[in-house]
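Reading through the structure tokens given below for one structure.
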Amino acid sequence: MLSASDLDLARLVQPGDVVLCGQGTAEPLTLTRRLIAQKDEIGPFTLFLGLCLSETFRSEGTGGIAFRSYGGFGTNAALSRAGRLDVLPWHYSRIEQAFATGFLRADIVLLQLAPPPPGRSGYSLALANDYVAAAARHARVVVGEVNPDAPWTHGAKLDWREPDLLVAAELPPQELKPSRFGEAEERIARHIADHIPDGACLQFGVGAAPTAALSGLRHHKELSIHSGVMGDVCLNLIEAGVVTNARKPVDRGMSTTNTVLGTRRLFDHVHDNPAVQVRPAAHTHDHATIAAIPNFRAINSAVEIDLTGQANAETAGGRYVGAVGGQVDFVRGALAGDGGRSIIALPATALGGKASRIVPRLETVTLPRSDADLVVTEHGVADLRGATLNERAERIIAIAAPEYREELSRAWHDRESQHAT
């Protein structure tokens with residue numbers, strides 16, 4: 001096994017190559033820092049990023065690297081603001097599928113790996129079993145960072161390709177603390193709790209509103225998890241006996257996720273724990289799999305919502321700050337199942353109340369109006385099932401911040417008047 005100082009990435013990465021590295025808590029920090037340190041010796045190349053939580057990839061000092069991603073979240077936002085990020089606006093499930101088939105090219109893949117614990121064999125992909133792992137099947141070179149502080153997870157065993165090189169980690173995995181939330185999110189959580197029946201199966205995005213929503217379910221019973229991400233707030237529900245995974249027909253008795261985004265406390269819980277499965281998006285984001293789970297609740301957020309129920313989860317002020325991600329995958333799967341619901345939750349205002357997040361028109365449509373279901377703000381719940389456009393506008397305006405309702409009503413009236421002429 002090599003040390004980082006002995007790793008010559010300039011010999012492996014060729015000018016013009018596409019390099020992929022693990023995302024979120026699965027970023028192989030020793031390898032990515034070595035990549036940046038040797039960038040000038042390599043020549044121009046493309047780096048495809050997922051959710052980035054570290055400060056590894058700054059706009060300053062990364063000349064010669066063309067950055068691509070499927071979103072502008074986390075520290076990618078700074079690259080987006082600097083005009084350095086080219087975004088692939090695809091559903092998360094399609095990204096994994098494209099890399100898995102070789103449709104999207106990856107020449108070099110940098111993975112974080114966990115060594116096997118006593119009684120186990122083989123390396124684990126640890127904290128993410130995602131498109132990066134799928135791309136490794138076709139890459140010219142796979143470099144694995146072996147991190148003894150990374151958890152060995154079930155469902156994510158690396159048993160289909162040996163890495164070409166193994167490098168000893170010099171840093172523990174990146175952590176992500178639970179999102180902080182305030183009074184607005186707490187009120188949103190109380191509204192959401194009324195729409196989560198005992199025995200429901202949950203999917204949830206990242207951010208303050210979904211985190212608050214999960215925190216508000218402490219008195220529920222026999223909930224299940226089938227999600228793209230799993231954070232510390234999930235562990236709180238598991239330890240409280242709220243999440244048992246007893247009622248879901250798929251992966252019964254197991255919490256299922258594609259990525260583990262949390263702190264050391266969560267890493268310790270998932271380590272060699274068969275009750276947590278880290279599975280590829282072909283399973284976690286699969287439409288038929290989600291639809292087969294009754295009473296599924298897809299809980300996601302958005303940057304803004306328009307008066308017809310469309311959601312923008314991608315851009316703000318013309319810059320990428322989010323992603324298409326898995327939102328549409330889970331919304332459509334949930335609504336196709338028995339008793340499934342989709343919940344889009346967001347505070348009614350932004351910028352300290354200076355802007356409404358309910359708007360007459362969106363700058364970007366992530367979730368179309370045809371997939372709209374429940375929209376929740378701190379002011380209430382708009383149930384859009386079976387609602388006409390006028391009924392939707394009325395219900396959505398009713399949950400906007402009071403100071404913006406008249407303005408929104410006028411905008412809708414003007415729109416309808418223009419259509420009438």
Self-check item: For residue 227, residues with placed amide H under 5 Å, excluding near neighbours
Solution: 256, 257, 258
Practice problem: Mind giving me the FRET efficiency for residue 336 and residue 162? R0 is 35 Å, r the Cβ-Cβ distance, nearest 0.05 is fine. | Solution: 0.35
Self-check item: Chain lengthening between residue 54 and residue 221 when straightened (0.36 nm per residue, less Cα-Cα)
Solution: 56.5 nm
Quiz item: Using a basic spin-label model with each label point 7 Å from the Cα along Cα→Cβ, how many nm lie between residue 365 and residue 10?
Solution: 5.1
Quiz prompt | Accessible area per residue, Å², segment 283-421 with all protein chains present, probe 1.4 Å | solution = 41
Quiz prompt | Estimated inter-spin distance, residue 351 and residue 273, nm [label 7 Å along Cα→Cβ] | solution = 4.2
Quiz item: Using every alpha carbon pair in segment 50-128, what percent of pairs falls into each 10 Å bin from 0 up to the bin containing the largest distance?
Solution: 15, 37, 33, 12, 3
Exercise. Quick one: check the C-alpha center-to-center distance for segment 165-232 versus segment 89-130, whole angstrom.
Key: 23
Self-check item: Fully extended contour minus Cα-Cα distance, from residue 282 to residue 170, at 0.36 nm per residue
Solution: 37.1 nm
Practice problem: Taking amide H positions as placed in the peptide plane 1.01 Å from N, state which residues far from residue 51 in sequence (5 or more) or on other chains have amide H under 5 Å from it. | Solution: 24
Self-check item: Sequence-separation-based contact order of the chain, relative, with Cα cut under 8 Å and 6+ spacing, percent
Solution: 14
Exercise. Determine the equivalent ellipsoid of the chain by diagonalising the alpha-carbon gyration tensor, then write out the semi-axes as square roots of 5 times the eigenvalues, largest first, rounded to whole Å.
Key: 37, 26, 17
Quiz prompt | Percentage relative contact order, segment 207-323, counting C-alpha pairs under 8 Å, at least six apart | solution = 22
Quiz item: Amide H to amide H, which residues 5 or more places from residue 359 or on other chains are under 5 Å from it, using H placed in the peptide plane?
Solution: 305, 306, 307
Self-check item: Against the rule of thumb 2.2 N^0.38 Å, how large the Cα Rg of segment 81-203 comes out
Solution: 1.37
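Please sort by residue number the trypsin sites (Lys or Arg not before Pro) in segment 138-199 whose DSSP state is loop and whose Cβ has at most 10 other Cβ atoms within 10 Å.
Those that pass, being in a loop and sparsely packed, are 180.
The values are calculated or read from the model by the stated rules, or taken from the named source; none is laboratory data. Just so we're clear, the structure is a prediction, and the values are computed from it rather than from any experiment. All Cβ positions, glycine included, derive from the backbone under ideal geometry; neighbour counts span all protein chains shown. When the accessible area is computed, the model is the full protein with side chains, heavy atoms only, and any ligands, DNA or RNA have been set aside. Shrake-Rupley method; radii C 1.70, N 1.55, O 1.52, S 1.80 Å.
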